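Input: one structure, supplied below.
Derivation of every value follows stated rules applied to the coordinates shown; laboratory data play no part. What you are looking at is a predicted structure, and each value in this text was computed from that prediction instead of being measured. With ideal geometry, Cβ positions are generated from the backbone for all residues, glycine too; neighbour counts draw on all protein chains shown.
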Amino acid sequence: MSDDFFALPAFKPDEALQQLKRTLRDLRVLTERGNGFELKGASVVALVVDGAAINAKLAKRPSRSSAEWDAFTLSASPEVRKFSDEVKRRLARWTEEER
């Protein structure tokens with residue numbers, strides 16, 4: 001048997017970016033602005049396709065002036081799902097901190 005039998009499909013960053021944006025829009029908390037998303041006017045997510053990967057930045061905490069960012073390179077579908085889950089976790093934490 002060939003080793004290619006269980007090979008994963010090739011990662012298509014443009015399609016993955018569209019799916020990721022759709023997932024973030026569906027959260028209904030974030031507002032899409034250009035290549036990123038904002039939470040109450042503060043930029044919290046930035047997404048850019050770079051070759052065969054998506055370069056993503058996620059704010060450590062929302063800030064209108066100068067946010068600190070965590071950088072992610074998403075080059076496979078599981079990484080995109082993991083990034084999406086991390087965005088959801090941080091949103092939950094930020095919402096809880098506001099209370």
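Out of residues 5 or more away from residue 43 or on other chains, whose amide H comes under 5 Å of its own, with H placed 1.01 Å from N in the peptide plane?
Placed amide hydrogens put 63 under 5 Å from residue 43.
Taking the Cα centre of segment 11-98 as origin, work out the dipole magnitude from +1 charges on Lys and Arg Cβ and -1 charges on Asp and Glu Cβ, in debye rounded to 20.
I would put it at about 180 debye.
Could you tell me how many degrees, from 0 to 90 and to the nearest 10, lie between the Cα long axis of helix 13-25 and the main elongation axis, the longest principal axis, of the Cα atoms of the chain?
So the inclination is approximately 40 degrees.
When the Karplus curve 6.51 cos²θ - 1.76 cosθ + 1.60 is applied with θ = phi - 60°, which whole-Hz ³J(HN,Hα) does each residue of segment 26-33 get, with x for Gly and Pro?
5, 5, 6, 10, 9, 10, 6, 9
Could you give me the ³J(HN,Hα) list for segment 83-98, computed from phi with Karplus coefficients 6.51, -1.76, 1.60 and θ = phi - 60°, whole Hz, x at Gly and Pro?
Those phi angles translate into 5, 4, 5, 5, 4, 4, 4, 5, 4, 4, 5, 5, 5, 5, 5, 6 Hz.
Still on this structure: Helix-only mean residue ellipticity at 222 nm, the chain, DSSP H runs n ≥ 4 weighted -39,500 (n - 2.57), per residue, nearest 500. What is it?
After summing the helix terms and dividing by residue count, I get -12000 deg cm²/dmol.
A further question follows. Output the relative contact order of the chain, whole-number percent, from Cα pairs under 8 angstrom with separation of 6+ residues.
On the way: 119 pairs, mean separation 19.5, N = 99.
Computed value for the chain: 20 percent relative contact order.
For the chain, set up a GNM with springs between Cα atoms under 10 Å and report which of 73, 31, 23 has the largest fluctuation.
23
³J(HN,Hα) across segment 53-68 via Karplus (A = 6.51, B = -1.76, C = 1.60, θ = phi - 60°), whole Hz, x for Gly/Pro?
9, 10, 8, 10, 10, 10, 5, 5, 7, x, 8, 7, 8, 9, 7, 8
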